[in-house]
1. Mind checking whether some residue in the stretch 85-100 is free of Cβ contacts under 8 Å to residues at least 24 places away in the same chain and open to solvent by 10 Å² or more (accessible area, probe 1.4 Å)?
2. Does any residue of the stretch 221-243 turn out to be of a type outside the set (Phe, Trp, Tyr) and over 26 Å from TYR420 (Cβ atoms)?
3. Tell me whether the stretch 492-500 contains one or more residues that are open to solvent by less than 10 Å² (accessible area, probe 1.4 Å) and in contact with a helix residue (DSSP H, G or I) (Cβ under 9 Å, 6 or more places away or on another chain).
4. Scan the stretch 159-170 and give yes if some residue there is closer than 29 Å to PHE536 by Cα and either touching a strand residue (DSSP E or B) at 6+ places or on another chain (Cβ under 6 Å) or at pLDDT below 95 (or both), otherwise no.
5. Tell me which residues, restricted to the stretch 360-392, are surrounded by 15 or more Cβ atoms within 10 Å (Cβ to Cβ) and not in a loop (DSSP other than H, G, I, E, B).
6. Could you tell me whether the stretch 30-38 includes any residue that is more than 21 Å from PRO178 (Cα to Cα), hydroxyl-bearing (Ser, Thr, Tyr), open to solvent by less than 30 Å² (accessible area, probe 1.4 Å) and at pLDDT 95 or above?
7. Kindly provide the set of residues from the stretch 160-181 that are out of contact with any Phe, Trp or Tyr (no Cβ under 6 Å at 6 or more places or on another chain) and part of a loop (DSSP other than H, G, I, E, B), ordered by number.
8. Which of (1) in contact with a Gly (Cβ under 6 Å, 6 or more places away or on another chain); (2) open to solvent by less than 10 Å² (accessible area, probe 1.4 Å) is the odd one out, the single condition ALA514 does not satisfy?
Amino acid sequence: MRTFGRTFGRLILLLLCVVTLPAQLSYERLLNAETEPGNWLTYSGSYKSNHYSKLDEISGENVGGLELKWVFQAGTTDKLQSTPLVVDGVMYLTEGSNDVVALDARTGRAFWRYEHSLPERINLCCGHVNRGLAMSGDRLYQGTLDGRFLALDSKTGAVLWDRRLVDNTKGYSLTVAPLAVKNKIILGTAGGEYGIRGFIDAYDPETGERIWRFHTIPGRGEPGHETWENDAWKTGGGSAWITGSFDPELNLLYWGIGNPSPDWNPEVRPGDNLYTGSVVALDVDTGKLKWHFQFTPHDEWDYDAVQIPVLVDMEFRGRPRKLMLWGNRNAFYYVLDRETGEFLLGKAFARQTWAKGLDENGRPIKIPGMGPSKEGKAVYPAVQGATNWYAPSYSPRTDLFYLTVWVDYWGLFYSDEPVYTPGNFFGGGLVKRVYPNRMSQGEVGYGAVRALDPSTGELKWEFKTTEISESGLLSTAGDVLFSGSFEGNFVALDAHTGKRLWRTSLGGRMTNSAITYLADGKQYVSVAAGHSLFTFGLRE
């Protein structure tokens, strides 16, 4: 009788989901995501990836009236790194275990839940994490830690197809939020610490069949292969685990590429090691490389380039240009022409001791002797970088570029002799990290949100904290900037000045980016802390 009751209840819930959940998310809507700010349609909000919303009900004048509206607790204690999608009043969220839930964006009530079964052993660098979904039509798409790529029915959570893309026993995994572009779903692989050979793929959303693959580590006969000496390219790394951006006018997809492998013994991989530490611009129809820019050639510190390309159309040095803004983990801020890849500007935004500066082409002028050593070498910034994968933001209202920064954060880089064994860590050394807030070489580091002039890289303001952060940023037309921290402090800043306007404590490490959306005509803000998602709205 109990079994019948549970089955009947699930059937009723399923019928309600079919009635209430949205049916379609077209490519046309994705192209024009900025015109419907009441939704959050892609990982970064739009193809420009500026993490900016035109919503302005919550403003600098009333943000102090925010109150908690609802909380969703994940089914495991894995941290939530997923940035949710919100489509027509329904929120779609992934958990670190690769479970997926559809929630009522007004109340947090669950419509359905997909539960993914993982093998007992997963070869991972950095814990059970997933950064989110893509949606196209009436389907959701997710990569999994055990190397599978899934299409789910957005109304019911039913699996429509399931493809095994990579072999997790060899260190590959899928943690990236895919990107739906035209008639393709784009995603890349993680696993750069395991000696993988990275790639970015495009798949048919209907069948799951692969359309093209771009190897981030070029093989024999491919452009860039000459930057790898001996056979190091076979285990060269080059993961691609943060969602890229797209320019529909140029038909170009932009994606940041991770570290070379092994991370901290560069002697075994002579050369610049393309396309690690680079942004690549790919023709979205064919996957062919149009241009690349390498931020850190022959990366010795695991600085990589797994950040989100921010696309901005603005006047630069007297003429309008299509630009890419990039705060790199190596502590330099860059402006590139996204049509050609031309280097336009580079300036340090945090302390660094590995380079004298950048030359006229943007290539770093390395300081000799600053690479890892058997004795250990102290270098700013450490492996976490001056910033990292967490989302920056650009506001067209303030004309400021915002990023989360670890200031005066250094580490001791050690190298050793790497031995490659499939599925095992292939780091070639280790790093002893010295966190901000702890006395180091007579200085105290700290975490901060920094606002830069995008045209010059000049620091305009800084919001200094006594803690560090892996939280992405969100700016809005209400001139509010939202950020979070390791200790669970969720804050709203004045986007013009950096003055703190509001704060609440959520009690868990914040490792995703806040989003904002409308439900029943009211603006909400959602952010994860620990293994829970918190949603706020104005007090009524």
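1. Within the stretch 85-100, the first condition is being free of Cβ contacts under 8 Å to residues at least 24 places away in the same chain, and the residues that meet it are none.
No.
2. Residues of the stretch 221-243 of a type outside the set (Phe, Trp, Tyr): 221-227, 229-232, 234-240, 242-243.
Subsequent filtering for residues that are over 26 Å from TYR420 (Cβ atoms) retains 243.
Within the stretch 221-243, one or more residues are of a type outside the set (Phe, Trp, Tyr) and over 26 Å from TYR420 (Cβ atoms).
3. In the first step, residues of the stretch 492-500 are kept if they are open to solvent by less than 10 Å² (accessible area, probe 1.4 Å); the result is 492-493, 495, 498.
From what's left, in contact with a helix residue (DSSP H, G or I) (Cβ under 9 Å, 6 or more places away or on another chain): 492.
Looking for residues that are open to solvent by less than 10 Å² (accessible area, probe 1.4 Å) and in contact with a helix residue (DSSP H, G or I) (Cβ under 9 Å, 6 or more places away or on another chain), one finds at least one in the stretch 492-500, hence yes.
4. Initial filter on the stretch 159-170 (closer than 29 Å to PHE536 by Cα): none.
No - not one qualifying residue is present in the stretch 159-170.
5. From the stretch 360-392, those surrounded by 15 or more Cβ atoms within 10 Å (Cβ to Cβ) are 362-364, 366, 370-372, 376-392; that's our starting set.
The answer is PRO364, LYS366, LYS377, ALA378, VAL379.
6. The answer is no; no qualifying residue exists.
7. At the first step, the residues of the stretch 160-181 found to be out of contact with any Phe, Trp or Tyr (no Cβ under 6 Å at 6 or more places or on another chain) are 160-162, 164, 167-170, 172-174, 179-180.
Of everything in the stretch 160-181, those that are out of contact with any Phe, Trp or Tyr (no Cβ under 6 Å at 6 or more places or on another chain) and part of a loop (DSSP other than H, G, I, E, B) turn out to be ASP167, TYR172, LEU174.
8. Failing condition for ALA514: (1).
The values are calculated or read from the model by the stated rules, or taken from the named source; none is laboratory data. This structure is a prediction, so every number in the text was calculated from the model and none was measured. Note that each Cβ is placed from the backbone with ideal geometry, even for glycine, and that neighbours are counted across all protein chains shown. SASA here: full protein model, heavy atoms, side chains in, ligands and nucleic acids out. Shrake-Rupley method; radii C 1.70, N 1.55, O 1.52, S 1.80 Å.
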